[in-house]
Every structure is written in structure tokens, then in C-alpha cells.
Amino acid sequence: MLTEEKVLKAFRQMDSDNSGELDEFELRKVVKTMAPQLTDIDIKLMIACADTDDSGVITESEFIAIMMHDHESDKPYWEKYGKRDMHNSFSGLL
Ligand SMILES: [Ca+2]
């Protein structure tokens with residue numbers, strides 16, 4: 001069972017410069033280790049999907065939202081980016 005505490009811990013491990021935000025570089029580094037099957041396009045989509053305020057980085061609260069959300073809220077992204085399950089992409093990292 002994924003808890004908010006677990007998600008936050010993972011976030012802080014991924015946030016290698018402790019900025020409180022995950023940028024594409026930090027996310028790519030984790031993906032290459034934890035989920036090498038994901039492509040650069042997947043990484044860009046993961047950011048686009050999680051980054052609800054369009055800042056180009058994923059904040060703690062955006063990361064928690066994408067990890068804890070229910071699958072129904074993926075639908076707008078499927079329509080926008082094609083049928084990919086963003087939740088599963090992220091889950092591969094934990
Ligand atoms: Ca960072």
C-alpha cells in the first residue's frame with residue numbers, strides 16, 4: 001500500500017539537489033536506474049502529466065498528487081497524449 005509518507009520519501013531521494021522540485025534531469029537519472037524501459041518521451045510525458053502548474057518541474061505536492069490519485073483522472077491525458085497509463089510509469093520508480 002502506497003502511503004503519502006512513502007511517496008514523499010521517494011521524492012526526497014530523487015531530489016538530488018534538495019530543491020524541493022524534481023526536474024527532467026533528476027527524473028531521468030532515477031528512471032534510467034529504476035525503470036530503464038521508459039523512454040525520454042515517457043519522462044517528458046510524466047512531467048507534463050504531473051506538472052499541473054506548468055512550471056516545468058514536479059513539486060512535492062504534484063508528485064504526491066500523481067502517485068496517490070485514482071486512475072480516472074488519467075483520462076484527460078490519455079485523450080491528450082494517447083493511451084498511456086501515467087500512474088504505472090511513476091509506479092515503476094518506487
Ligand atoms: Ca531538484
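Values quoted throughout were computed directly from the atomic coordinates according to the rules given, and no laboratory measurement underlies them. This structure is a prediction, so every number in the text was calculated from the model and none was measured. As a convention, Cβ positions derive from the backbone with ideal geometry for all residues, glycine included, and neighbour counts pool all protein chains shown.
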Projected label distance in nm at GLN37 and GLU24, using a 7 Å step from Cα toward the beta-carbon: 2.4
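Using packing as a proxy for protection, rank 39-48, 60-69, 12-21 so that the peptide with the highest average count of other Cβ atoms within 10 Å comes first.
On the way: 39-48: 15.5, 60-69: 17.1, 12-21: 13.4.
Order by mean packing, descending: 60-69, 39-48, 12-21.
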Using amide H atoms built in the peptide plane, which far-off residues or other-chain residues are under 5 Å from THR59 H to H? LEU22
